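Please read the structure below before turning to the comments.
The values are calculated or read from the model by the stated rules, or taken from the named source; none is laboratory data. For clarity, every value in this text was computed on a predicted model and none was experimentally measured. Please note: Cβ atoms are built from the backbone with ideal geometry, for glycine as well, and neighbour counts cover all protein chains shown.
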Amino acid sequence: MSTTPFRVQIIPKIKKESYLNLYRKGQRADERDFYSPRKISIQTNVLEKANGSSLVKLGNTQVMAGIKIEPGEPFFDTPDQGVLQVHAELVPLASPQFEPGPPDENSIELARVIDRSLRDPKAVDLNSLVIRPGDKVWMIWLDLYILDYDGNLFDASMLAAMAALLTAKMPEYEELETGEIKISKNISNNPIKINKKVVTVTTAKVENYILVDPNLDEEIISDTKSVIAFDEQGNIVGAQKTGMGSLSQEEIDNIINVSSSAAQVYFKLLNDALKSEVKEEKGDK
Amino acid sequence: MARPQRFIDDEGKRLDGRKPDEIRPVKMQVGVLSNADGSALVEYGLTKVLAAVYGPKESQKSISLPDRASLRVRYHMAPFSTEERKNPAPSRREVELSKVLRESLEPIVITDYFPRTSIDIFIEVLQSDGGTRTVGATAASLALADAGIPMKALVAGVAIGKVDNVLIVDLNEVEDMYGDADMPIVAAPDLGQITLYQLNGVLSKEEFHNAIDMAMKVINKLVDIEKETLRNSYKEAGEE
């Protein structure tokens, strides 16, 4: 059962009027304009034992992504495809609002929006993950770990997911005579086959202002949020209204335009981070 | 169920004979349950969804809000509603849909009339043939009105899809499963507000815009049917 949130921080609501005064002057409290994301840092290969990993900082929000790849059985209706599973943990150390326990509706929604936005445009080539059709395939477990919460989990999580997927390496394995797949501790140099890159852009609507990449205070005072996923060609590959309020058609049109420009900023940062990753790898050798 | 070769024939008709912008036959009934404060049964084609509303009633302390009523929404599929039996334990999908459906109803219920209370909305999918969450939103809207809960407006829902490069309204299960996009939308036309949208699939920016436009036209009609249904129920009550 989904219940109206009752653990709401009250201070940002009291400050709402002063935030609105800033917006009327075209400013935000952290001196950004309405359409720019916060400072972003993307690190990859931050963990040795995972097949792929990343740590993304979007302002003060921190999300770690870890990828484990294991042999498993394909789904009955897709015998010639590997399996991608996305999960998100709102780890209690990230915020006083996060409680220990099984995934709540917020973490399930986050994981499912990321999952759909990767799955529908076929971002990961699941057909390349077959070991023996109908019998053994690779299962990619993508776990998103929210470590510090200052708003906009969707965009940070998608950047972390993409950075980890793009730098992950398949395990080395051998097929035993029994047919079992034994993976060795070594990780191969083979990447996961990725068809396209995806980013999400979150906007908050505060009265009639649309703010890209809201921080936590901005999320709390917002009427509602939109998450729009884009591929590099500018197609919309996923979307979700999240939060209590509503939007007019004109507002949605505006959100799509604003978000599609912001998506280009995210793609640039993601690509830059991956380029420097390649350089570092070469430098090591 | 196999993937059809094509979804739209040479005459522009869909597999079940509908035009792209045509909704399935719609049935709405209110006051179908005796215990609930409000209830509704809504069908779009073979999709049948029952909704019940209890409240406003005194809230559990832990979730009670000092300035408004809490909404509690559960979207659930009956085990016999699907092709293969569905495990009745709530799935991750049902948890997410309960959340987005609650958020689609929050903007229309005038919650500040009833501080420290809760309004429970139960949405049970009895038979699923695509579009269950949007039919659920329509049923919940009717059940809330039937319970006499003050509302700013009624909402209704419909899903827009894309098959054979054509946008279509009110997907059935085959169109949902094998189509290129599924975009459920819930809106309150009297407020000009969209209270739920999701997109599962790939659309261009233009298609996204057109999909919402298409949905709004259909939702307008659906809300008219809701109003008619509510009016008739009061007429019947007056005659009794």
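If the condition is being surrounded by 14 or more Cβ atoms within 10 Å (Cβ to Cβ) and more than 16 Å from the chain's Cα centre (by Cα), then segment A:38-55 contributes A:N45, A:V46, A:L47, A:A50, A:N51.
Somewhere in segment B:209-229, is a residue closer than 21 Å to A:F230 by Cβ, acidic (D, E), within 11 Å of another protein chain (Cβ to nearest Cβ) and more than 18 Å from the chain's Cα centre (by Cα)? No: segment B:209-229 contains no residue that is closer than 21 Å to A:F230 by Cβ, acidic (D, E), within 11 Å of another protein chain (Cβ to nearest Cβ) and more than 18 Å from the chain's Cα centre (by Cα).
May I ask you to list the residues in segment B:209-239 that are without any contact (Cβ under 8 Å) to a residue 12 or more places away in the chain and either among the aromatic types (F, W, Y) or closer than 18 Å to B:A139 by Cβ (or both)? B:D224, B:E228, B:R231, B:N232, B:Y234 - these are the residues of segment B:209-239 that are without any contact (Cβ under 8 Å) to a residue 12 or more places away in the chain and either among the aromatic types (F, W, Y) or closer than 18 Å to B:A139 by Cβ (or both). Evaluation of A:Q240 against the conditions (1) in contact with a strand residue (DSSP E or B) (Cβ under 7 Å, 6 or more places away or on another chain); (2) at the interface with another protein chain (Cβ under 8 Å from one of its Cβ atoms); (3) in a loop (DSSP other than H, G, I, E, B) shows that the sole unmet condition is (3). Here the condition is being within 14 Å of chain A (Cβ to nearest Cβ), at pLDDT 95 or above and buried (at least 21 other Cβ atoms within 10 Å of the Cβ); of B:S128, B:S118, it holds for B:S118 alone. Can you tell me which residue is surrounded by the most Cβ atoms within 10 Å (Cβ to Cβ) among those in segment B:44-75 that are within 9 Å of chain A (Cβ to nearest Cβ), in contact (Cβ under 8 Å) with a residue 40 or more places away in the chain and outside any loop (DSSP other than H, G, I, E, B)? Per the criteria, the residue is B:Y75.
Within segment B:173-212, being under 21 Å from B:Q127 (Cβ atoms) and of a type in the set (G, A, S) holds for one residue alone: B:G179. Residues that are touching a Ser or Thr at 6+ places or on another chain (Cβ under 7 Å), hydroxyl-bearing (S, T, Y) and modelled with pLDDT of 95 or more do occur in segment A:144-165. Taken together, B:K221, B:K235, B:K227 contain a single residue that is closer than 17 Å to B:A159 by Cα, out of contact with any Cys (no Cβ under 8 Å at 6 or more places or on another chain) and surrounded by fewer than 16 Cβ atoms within 10 Å (Cβ to Cβ), which is B:K221. In the condition set (1) assigned to a strand (DSSP E or B); (2) within 13 Å of chain A (Cβ to nearest Cβ); (3) among the hydrophobic types (A, V, I, L, M, F, W, C), B:A153 is compliant with all but (1).
Taking B:Y113 as the residue in question, decide whether it is without any contact (Cβ under 8 Å) to a residue 60 or more places away in the chain and either more than 14 Å from chain A (Cβ to nearest Cβ) or over 25 Å from B:G17 (Cβ atoms) (or both). Here the answer is yes, as B:Y113 does meet what is asked.
Just the residues that are on the phi < 0 side of the Ramachandran plot and without any contact (Cβ under 8 Å) to a residue 24 or more places away in the chain, please, taken from segment B:162-180. B:D180 - this is the single residue of segment B:162-180 that is on the phi < 0 side of the Ramachandran plot and without any contact (Cβ under 8 Å) to a residue 24 or more places away in the chain. When we screen B:A36, B:A89 for residues that are more than 10 Å from chain A (Cβ to nearest Cβ) and surrounded by 19 or more Cβ atoms within 10 Å (Cβ to Cβ), the only hit is B:A36.
Here's the yes/no breakdown for (1) within 14 Å of chain B (Cβ to nearest Cβ); (2) within 18 Å of A:P121 (Cβ to Cβ); (3) buried (at least 19 other Cβ atoms within 10 Å of the Cβ); (4) not charged (D, E, K, R):
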| position | (1), (2), (3), (4) |
| --- | --- |
| A:I192 | no, yes, yes, yes |
| A:K205 | yes, no, yes, no |
| A:V212 | no, no, yes, yes |
| A:T224 | yes, no, yes, yes |
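Can you name every residue in segment A:249-259 that is at the interface with chain B (Cβ under 9 Å from one of its Cβ atoms) and touching a strand residue (DSSP E or B) at 6+ places or on another chain (Cβ under 6 Å)? Result: no residue meets the conditions.
Which of the residues spanning segment A:172-206 are assigned to a strand (DSSP E or B) and touching a Phe, Trp or Tyr at 6+ places or on another chain (Cβ under 8 Å)? Across segment A:172-206, the qualifying residues are A:I181, A:K182, A:I183, A:S184, A:V198, A:V199, A:T200, A:V201, A:T202, A:V206. Within segment B:92-110, the set of residues being more than 8 Å from chain A (Cβ to nearest Cβ) and either at pLDDT below 95 or over 16 Å from the mean Cα position of the chain (by Cα) (or both) comprises B:I110 only.
Rundown of residues vs (1) more than 13 Å from every other protein chain (Cβ to nearest Cβ); (2) of a type in the set (A, V, I, L, M, F, W, C), yes/no style:
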{"site": "A:E180", "(1), (2)": "yes, no"}
{"site": "A:N186", "(1), (2)": "yes, no"}
{"site": "A:K196", "(1), (2)": "no, no"}
{"site": "A:T200", "(1), (2)": "no, no"}
{"site": "A:I221", "(1), (2)": "yes, yes"}
{"site": "A:I228", "(1), (2)": "no, yes"}
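Whether a residue is hydroxyl-bearing (S, T, Y), surrounded by 22 or more Cβ atoms within 10 Å (Cβ to Cβ) and in contact (Cβ under 8 Å) with a residue 40 or more places away in the chain was assessed, and B:S141 passes this test.
List the number of the failed condition for B:F80; all other conditions in (1) closer than 20 Å to B:N200 by Cβ; (2) out of contact with any strand residue (DSSP E or B) (no Cβ under 7 Å at 6 or more places or on another chain) hold. Failing condition for B:F80: (1).
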